[in-house]
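The structure is given below, and queries will be raised subsequently.
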Amino acid sequence: MATVTSSHFNRERPILNDLECRFPDFTGKALSWVHNPDDPPDFIAQSPAGAIGLEFREWLDEKQMGAAQHRDDQREDLLKIIGDGWKQEYQPTNIVLASIKPRWGVRVASSGESALRHEFYKCATDVDQTWLTNPERKGHGYYQTEFPEFPMLATYFQAIRYIDGPPHGFIWIQAEPDGGAYNPYVSVQTLEEALEDKLVKFAKPKRQTKLAQHHIVETYLLIHGGWNKQKSNTPHFPLTLDEIAKSGAEFYAAHPKRSLFSRVWFFNSLDSADDINVLFGLPAGSGRVRWLAQLWPSFRVY
(Lines give C-alpha, C1' and ligand atoms only; values in the text may rest on other atoms or scores of the structure.)
Protein backbone atom coordinates (compact mmCIF):
# COMPACT_ATOMS: atom_id res chain seq x y z
CA MET A 1 0.00 0.00 0.00
CA ALA A 2 1.38 3.41 -1.01
CA THR A 3 1.29 5.94 1.78
CA VAL A 4 2.20 9.59 2.10
CA THR A 5 5.02 10.38 4.48
CA SER A 6 4.45 12.89 7.26
CA SER A 7 7.06 15.21 5.73
CA HIS A 8 5.10 15.09 2.44
CA PHE A 9 1.94 16.10 4.29
CA ASN A 10 3.77 18.72 6.36
CA ARG A 11 4.86 20.44 3.16
CA GLU A 12 1.45 20.38 1.49
CA ARG A 13 -0.91 21.22 4.35
CA PRO A 14 0.56 24.74 4.82
CA ILE A 15 0.23 25.34 1.07
CA LEU A 16 -3.44 24.39 1.16
CA ASN A 17 -4.02 26.51 4.27
CA ASP A 18 -2.31 29.46 2.58
CA LEU A 19 -4.39 29.02 -0.57
CA GLU A 20 -7.68 28.81 1.33
CA CYS A 21 -6.77 31.80 3.51
CA ARG A 22 -6.19 34.05 0.50
CA PHE A 23 -8.73 32.49 -1.86
CA PRO A 24 -11.36 30.90 0.44
CA ASP A 25 -13.84 30.24 -2.37
CA PHE A 26 -11.39 29.17 -5.09
CA THR A 27 -13.39 25.99 -5.83
CA GLY A 28 -16.76 27.73 -5.70
CA LYS A 29 -17.92 24.98 -3.31
CA ALA A 30 -18.02 24.60 0.44
CA LEU A 31 -15.38 21.91 0.78
CA SER A 32 -13.41 20.75 3.80
CA TRP A 33 -10.21 19.02 2.72
CA VAL A 34 -8.94 16.09 4.78
CA HIS A 35 -5.46 14.66 4.40
CA ASN A 36 -5.45 11.26 2.74
CA PRO A 37 -2.61 9.09 4.11
CA ASP A 38 -3.28 6.52 1.38
CA ASP A 39 -2.14 8.63 -1.56
CA PRO A 40 -3.43 9.33 -4.19
CA PRO A 41 -5.07 11.79 -3.95
CA ASP A 42 -3.33 14.03 -1.41
CA PHE A 43 -6.56 15.39 0.07
CA ILE A 44 -10.22 14.36 -0.06
CA ALA A 45 -13.37 16.43 0.48
CA GLN A 46 -16.97 15.30 0.57
CA SER A 47 -19.55 16.98 -1.64
CA PRO A 48 -23.24 16.24 -2.31
CA ALA A 49 -22.15 14.52 -5.54
CA GLY A 50 -19.53 12.37 -3.81
CA ALA A 51 -15.86 12.47 -2.82
CA ILE A 52 -13.54 14.95 -4.52
CA GLY A 53 -9.78 14.40 -4.62
CA LEU A 54 -7.15 17.15 -4.65
CA GLU A 55 -3.68 16.31 -5.96
CA PHE A 56 -0.58 18.51 -5.55
CA ARG A 57 2.43 19.01 -7.82
CA GLU A 58 5.24 21.54 -7.37
CA TRP A 59 6.13 23.99 -10.16
CA LEU A 60 9.83 23.23 -10.06
CA ASP A 61 12.65 22.11 -12.32
CA GLU A 62 14.22 19.39 -10.16
CA LYS A 63 17.45 19.26 -12.17
CA GLN A 64 17.98 23.00 -11.75
CA MET A 65 17.15 22.74 -8.06
CA GLY A 66 19.71 19.98 -7.51
CA ALA A 67 22.43 21.97 -9.27
CA ALA A 68 21.48 25.12 -7.35
CA GLN A 69 21.69 23.24 -4.05
CA HIS A 70 25.21 22.04 -4.89
CA ARG A 71 26.23 25.64 -5.62
CA ASP A 72 24.68 26.81 -2.35
CA ASP A 73 26.62 24.15 -0.45
CA GLN A 74 29.82 25.24 -2.18
CA ARG A 75 29.13 28.91 -1.34
CA GLU A 76 28.52 28.00 2.30
CA ASP A 77 31.76 26.05 2.54
CA LEU A 78 33.72 28.84 0.85
CA LEU A 79 32.32 31.58 3.08
CA LYS A 80 33.07 29.49 6.13
CA ILE A 81 36.71 29.17 5.04
CA ILE A 82 37.11 32.83 4.06
CA GLY A 83 34.50 34.64 6.08
CA ASP A 84 34.68 33.16 9.57
CA GLY A 85 36.60 35.58 11.77
CA TRP A 86 36.74 38.23 9.03
CA LYS A 87 36.86 41.05 11.60
CA GLN A 88 40.24 39.80 12.77
CA GLU A 89 41.66 40.05 9.24
CA TYR A 90 42.62 43.01 7.06
CA GLN A 91 39.81 45.57 6.68
CA PRO A 92 39.82 47.39 3.31
CA THR A 93 39.34 51.15 3.17
CA ASN A 94 38.52 51.49 -0.53
CA ILE A 95 36.54 48.30 -1.18
CA VAL A 96 33.00 47.85 0.09
CA LEU A 97 32.47 44.38 -1.38
CA ALA A 98 34.53 41.50 -2.76
CA SER A 99 32.29 39.04 -4.63
CA ILE A 100 33.96 35.69 -5.28
CA LYS A 101 33.05 33.66 -8.36
CA PRO A 102 34.02 30.07 -7.50
CA ARG A 103 35.01 27.36 -9.92
CA TRP A 104 31.74 25.50 -9.57
CA GLY A 105 32.13 21.85 -8.69
CA VAL A 106 35.69 22.27 -7.44
CA ARG A 107 35.51 21.89 -3.67
CA VAL A 108 38.31 23.09 -1.42
CA ALA A 109 40.35 20.27 0.11
CA SER A 110 40.59 20.54 3.89
CA SER A 111 44.38 20.55 3.62
CA GLY A 112 44.20 23.69 1.45
CA GLU A 113 41.76 25.78 3.49
CA SER A 114 44.36 27.70 5.47
CA ALA A 115 46.44 28.53 2.38
CA LEU A 116 43.35 29.66 0.45
CA ARG A 117 42.28 31.96 3.26
CA HIS A 118 45.78 33.45 3.55
CA GLU A 119 46.01 34.07 -0.20
CA PHE A 120 42.56 35.68 -0.34
CA TYR A 121 43.32 38.28 2.32
CA LYS A 122 46.78 38.93 0.91
CA CYS A 123 45.31 39.45 -2.56
CA ALA A 124 42.51 41.69 -1.27
CA THR A 125 45.05 43.73 0.72
CA ASP A 126 47.17 44.28 -2.40
CA VAL A 127 44.12 45.34 -4.45
CA ASP A 128 42.82 47.69 -1.75
CA GLN A 129 46.14 49.36 -1.05
CA THR A 130 46.79 50.05 -4.74
CA TRP A 131 43.21 51.15 -5.47
CA LEU A 132 43.94 54.88 -5.63
CA THR A 133 46.85 54.34 -8.03
CA ASN A 134 44.37 52.85 -10.53
CA PRO A 135 41.94 55.72 -11.22
CA GLU A 136 40.01 53.68 -13.81
CA ARG A 137 38.61 51.57 -10.97
CA LYS A 138 36.80 54.38 -9.13
CA GLY A 139 33.08 54.13 -9.79
CA HIS A 140 33.63 51.06 -11.98
CA GLY A 141 35.15 48.51 -9.64
CA TYR A 142 37.67 45.86 -10.60
CA TYR A 143 37.05 42.39 -12.00
CA GLN A 144 40.10 40.27 -11.26
CA THR A 145 40.38 37.09 -13.35
CA GLU A 146 44.08 36.26 -13.09
CA PHE A 147 45.97 35.31 -9.93
CA PRO A 148 49.59 34.70 -10.99
CA GLU A 149 50.93 35.13 -7.47
CA PHE A 150 48.18 33.14 -5.78
CA PRO A 151 47.99 29.50 -6.96
CA MET A 152 45.24 28.53 -4.52
CA LEU A 153 43.00 31.36 -5.73
CA ALA A 154 43.65 30.33 -9.32
CA THR A 155 42.64 26.77 -8.45
CA TYR A 156 39.35 27.56 -6.72
CA PHE A 157 38.27 30.99 -8.03
CA GLN A 158 37.21 32.02 -11.51
CA ALA A 159 37.26 35.69 -10.52
CA ILE A 160 36.81 38.25 -7.77
CA ARG A 161 34.68 41.33 -8.39
CA TYR A 162 35.66 44.31 -6.19
CA ILE A 163 33.17 47.14 -5.65
CA ASP A 164 34.53 50.46 -4.41
CA GLY A 165 32.99 52.35 -1.52
CA PRO A 166 33.53 53.26 2.14
CA PRO A 167 33.41 50.52 4.82
CA HIS A 168 29.92 49.87 6.25
CA GLY A 169 30.76 47.64 9.22
CA PHE A 170 29.19 44.48 7.74
CA ILE A 171 31.05 41.58 6.20
CA TRP A 172 32.52 42.72 2.89
CA ILE A 173 32.90 39.26 1.35
CA GLN A 174 30.33 37.22 -0.54
CA ALA A 175 30.18 34.27 -2.93
CA GLU A 176 28.61 35.35 -6.18
CA PRO A 177 24.89 34.51 -6.40
CA ASP A 178 23.42 32.77 -9.42
CA GLY A 179 22.78 35.04 -12.36
CA GLY A 180 23.74 35.66 -15.92
CA ALA A 181 21.79 34.90 -19.07
CA TYR A 182 18.69 32.72 -18.81
CA ASN A 183 15.71 31.66 -20.88
CA PRO A 184 12.42 32.81 -19.27
CA TYR A 185 10.49 30.23 -21.30
CA VAL A 186 11.97 27.52 -19.10
CA SER A 187 9.28 28.54 -16.60
CA VAL A 188 6.59 27.75 -19.15
CA GLN A 189 8.25 24.44 -19.96
CA THR A 190 8.47 23.60 -16.25
CA LEU A 191 4.73 24.22 -15.83
CA GLU A 192 3.93 22.06 -18.86
CA GLU A 193 6.19 19.29 -17.55
CA ALA A 194 4.41 19.39 -14.17
CA LEU A 195 1.03 19.02 -15.91
CA GLU A 196 2.35 16.25 -18.14
CA ASP A 197 3.81 14.40 -15.17
CA LYS A 198 0.50 14.21 -13.34
CA LEU A 199 -1.53 13.37 -16.44
CA VAL A 200 0.78 10.47 -17.30
CA LYS A 201 0.80 9.14 -13.74
CA PHE A 202 -2.96 9.40 -13.24
CA ALA A 203 -3.62 7.61 -16.51
CA LYS A 204 -2.04 4.46 -15.08
CA PRO A 205 -4.51 1.76 -13.98
CA LYS A 206 -3.06 1.56 -10.45
CA ARG A 207 -3.81 5.24 -9.86
CA GLN A 208 -7.31 4.93 -11.23
CA THR A 209 -7.92 1.87 -9.06
CA LYS A 210 -6.79 3.79 -5.99
CA LEU A 211 -9.17 6.66 -6.82
CA ALA A 212 -12.00 4.16 -7.20
CA GLN A 213 -11.18 2.65 -3.81
CA HIS A 214 -11.64 6.10 -2.28
CA HIS A 215 -14.89 6.55 -4.24
CA ILE A 216 -13.55 9.67 -5.94
CA VAL A 217 -16.06 11.16 -8.41
CA GLU A 218 -13.92 14.18 -9.35
CA THR A 219 -10.18 14.85 -9.13
CA TYR A 220 -8.66 18.33 -8.93
CA LEU A 221 -5.03 19.26 -9.55
CA LEU A 222 -3.08 22.10 -7.94
CA ILE A 223 0.28 23.13 -9.39
CA HIS A 224 2.03 25.28 -6.79
CA GLY A 225 5.19 27.37 -6.78
CA GLY A 226 7.02 29.25 -4.08
CA TRP A 227 10.41 29.78 -2.51
CA ASN A 228 12.01 26.68 -4.05
CA LYS A 229 11.17 27.90 -7.54
CA GLN A 230 12.28 31.46 -6.76
CA LYS A 231 15.56 30.37 -5.21
CA SER A 232 16.64 27.43 -7.36
CA ASN A 233 15.21 27.93 -10.87
CA THR A 234 15.88 30.52 -13.55
CA PRO A 235 13.62 33.61 -13.31
CA HIS A 236 10.53 33.92 -15.48
CA PHE A 237 10.86 37.66 -16.14
CA PRO A 238 9.93 39.35 -18.43
CA LEU A 239 7.15 36.76 -18.73
CA THR A 240 4.32 37.45 -16.30
CA LEU A 241 2.55 34.80 -14.27
CA ASP A 242 -0.54 35.52 -16.40
CA GLU A 243 1.40 34.67 -19.57
CA ILE A 244 2.89 31.53 -18.06
CA ALA A 245 -0.50 30.37 -16.82
CA LYS A 246 -2.14 31.08 -20.19
CA SER A 247 0.48 28.91 -21.92
CA GLY A 248 -0.15 26.17 -19.36
CA ALA A 249 -3.90 26.40 -19.91
CA GLU A 250 -3.46 26.06 -23.67
CA PHE A 251 -1.14 23.08 -23.21
CA TYR A 252 -3.61 21.36 -20.90
CA ALA A 253 -6.63 22.03 -23.11
CA ALA A 254 -4.86 20.36 -26.05
CA HIS A 255 -3.75 17.30 -24.04
CA PRO A 256 -5.47 14.01 -24.94
CA LYS A 257 -5.69 13.00 -21.26
CA ARG A 258 -7.15 16.33 -20.08
CA SER A 259 -10.36 14.68 -18.77
CA LEU A 260 -8.43 12.98 -15.95
CA PHE A 261 -8.73 16.14 -13.84
CA SER A 262 -12.00 18.04 -13.58
CA ARG A 263 -10.30 21.26 -12.56
CA VAL A 264 -6.70 22.49 -12.54
CA TRP A 265 -5.20 25.51 -10.74
CA PHE A 266 -1.83 27.22 -10.77
CA PHE A 267 -0.89 28.85 -7.44
CA ASN A 268 2.21 30.93 -6.70
CA SER A 269 3.02 31.91 -3.13
CA LEU A 270 6.02 33.94 -1.94
CA ASP A 271 6.58 35.34 1.52
CA SER A 272 8.26 38.65 2.09
CA ALA A 273 11.71 38.91 3.65
CA ASP A 274 10.90 41.45 6.34
CA ASP A 275 14.44 41.46 7.76
CA ILE A 276 15.59 42.74 4.35
CA ASN A 277 12.63 45.14 4.16
CA VAL A 278 13.73 46.72 7.43
CA LEU A 279 17.26 47.25 6.12
CA PHE A 280 15.95 49.05 3.03
CA GLY A 281 13.23 50.99 4.84
CA LEU A 282 10.39 49.12 3.14
CA PRO A 283 7.09 48.38 4.89
CA ALA A 284 6.52 44.91 6.33
CA GLY A 285 5.03 42.57 3.77
CA SER A 286 6.70 44.16 0.75
CA GLY A 287 7.40 41.48 -1.83
CA ARG A 288 4.66 39.14 -0.59
CA VAL A 289 2.89 37.38 -3.46
CA ARG A 290 -0.29 35.31 -3.51
CA TRP A 291 -1.41 34.61 -7.06
CA LEU A 292 -3.89 32.07 -8.42
CA ALA A 293 -5.23 31.08 -11.84
CA GLN A 294 -7.55 28.33 -12.99
CA LEU A 295 -6.12 26.52 -16.02
CA TRP A 296 -8.93 24.06 -16.70
CA PRO A 297 -11.77 23.70 -17.71
CA SER A 298 -11.61 27.42 -18.42
CA PHE A 299 -8.84 29.94 -17.97
CA ARG A 300 -9.30 32.49 -15.19
CA VAL A 301 -6.94 34.64 -13.15
CA TYR A 302 -8.34 35.18 -9.67
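Does the range 248-259 contain any residue that is assigned by TED's automatic domain parsing to the domain that holds residue 42, out of contact with any helix residue (DSSP H, G or I) (no Cβ under 9 Å at 6 or more places or on another chain) and closer than 17 Å to residue 54 by Cα?
Yes, the conditions are met somewhere in the range 248-259.
Condition check: of a type in the set (Asp, Glu), without any contact (Cβ under 8 Å) to a residue 60 or more places away in the chain and out of contact with any strand residue (DSSP E or B) (no Cβ under 8 Å at 6 or more places or on another chain). Does residue 271 satisfy that?
For residue 271, the condition - of a type in the set (Asp, Glu), without any contact (Cβ under 8 Å) to a residue 60 or more places away in the chain and out of contact with any strand residue (DSSP E or B) (no Cβ under 8 Å at 6 or more places or on another chain) - is met.
What's the number of the only condition in (1) at pLDDT 95 or above; (2) surrounded by 12 or more Cβ atoms within 10 Å (Cβ to Cβ); (3) of a type outside the set (Phe, Trp, Tyr); (4) not in a strand (DSSP E or B) that residue 111 fails to meet?
(2)
Let me ask you something else. For residue 272, only one of the following conditions fails: (1) closer than 15 Å to residue 187 by Cβ; (2) in a loop (DSSP other than H, G, I, E, B); (3) out of contact with any Phe, Trp or Tyr (no Cβ under 9 Å at 6 or more places or on another chain). What is its number?
(1)
Moving to a separate point now. Between a residue in the range 195-220 that is of a type in the set (Val, Ile, Thr) and at pLDDT 95 or above and any residue that is surrounded by 19 or more Cβ atoms within 10 Å (Cβ to Cβ) and assigned to a loop (DSSP other than H, G, I, E, B), which pairs come within a Cβ distance under 9 Å, given they are 6 or more apart or on different chains?
Filtered contacts from the range 195-220: 216/40; 216/41; 219/40; 219/41; 219/261.
Could you please find all residues in the range 70-100 being in contact with a Leu (Cβ under 7 Å, 6 or more places away or on another chain) and either without any contact (Cβ under 8 Å) to a residue 40 or more places away in the chain or over 19 Å from residue 126 (Cβ atoms) (or both)?
81
Hey, another quick one. If you go through the range 261-302 one residue at a time, how many are at pLDDT 90 or above and either hydroxyl-bearing (Ser, Thr, Tyr) or crowded, with 19+ Cβ neighbours inside 10 Å (or both)?
Result for the range 261-302: 16.
Could you tell me whether residue 259 is in contact (Cβ under 8 Å) with a residue 24 or more places away in the chain and more than 19 Å from residue 56 (Cβ to Cβ)?
In short, no.
Among the residues of the range 78-96, count how many are within 19 Å of residue 133 (Cα to Cα) and aliphatic (A, V, I, L, M). First the steps, then the outcome.
Of the range 78-96, the ones within 19 Å of residue 133 (Cα to Cα) are 91-96.
Checking the rest, the ones that are also aliphatic (A, V, I, L, M) come to 95-96.
Final tally of qualifying residues: 2.
Does residue 75 meet the test of being in a loop (DSSP other than H, G, I, E, B), among the charged types (D, E, K, R) and closer than 16 Å to residue 176 by Cα? Write out each step before concluding.
Values: in a loop (DSSP other than H, G, I, E, B): no; among the charged types (D, E, K, R): yes; closer than 16 Å to residue 176 by Cα: yes.
No; evaluated as a whole, the condition is false for this residue.
In the range 23-38, what count of residues is obtained for those that are surrounded by 14 or more Cβ atoms within 10 Å (Cβ to Cβ) and either under 26 Å from the mean Cα position of the chain (by Cα) or not in a loop (DSSP other than H, G, I, E, B) (or both)?
Selection size over the range 23-38: 3.
Residues are listed down the side, and each one gets a yes or a no for (1) in a helix (DSSP H, G or I); (2) more than 18 Å from residue 79 (Cα to Cα):
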{"position": "123", "(1), (2)": "yes, no"}
{"position": "126", "(1), (2)": "yes, yes"}
{"position": "162", "(1), (2)": "no, no"}
{"position": "178", "(1), (2)": "no, no"}
{"position": "194", "(1), (2)": "yes, yes"}
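Test residue 154 against the criterion of being among the small types (Gly, Ala, Ser), assigned to a strand (DSSP E or B) and either in contact with a helix residue (DSSP H, G or I) (Cβ under 8 Å, 6 or more places away or on another chain) or more than 26 Å from residue 235 (Cα to Cα) (or both), and give yes or no. Walk me through how you get there before you give the answer.
Working: among the small types (Gly, Ala, Ser): yes; assigned to a strand (DSSP E or B): no; either in contact with a helix residue (DSSP H, G or I) (Cβ under 8 Å, 6 or more places away or on another chain) or more than 26 Å from residue 235 (Cα to Cα) (or both): yes.
Against the criterion (among the small types (Gly, Ala, Ser), assigned to a strand (DSSP E or B) and either in contact with a helix residue (DSSP H, G or I) (Cβ under 8 Å, 6 or more places away or on another chain) or more than 26 Å from residue 235 (Cα to Cα) (or both)), residue 154 does not qualify.
Let me ask something additional. When you check residue 219 against the structure, is it touching a Lys or Arg at 6+ places or on another chain (Cβ under 9 Å) and part of a strand (DSSP E or B), yes or no?
Spelling it out, residue 219 is indeed touching a Lys or Arg at 6+ places or on another chain (Cβ under 9 Å) and part of a strand (DSSP E or B).
The values are calculated or read from the model by the stated rules, or taken from the named source; none is laboratory data. If you're wondering where the values come from, they're calculated on a predicted model, not measured in any experiment. Glycine also receives a Cβ, built like all others from the backbone with ideal geometry; neighbour counts cover every protein chain displayed.
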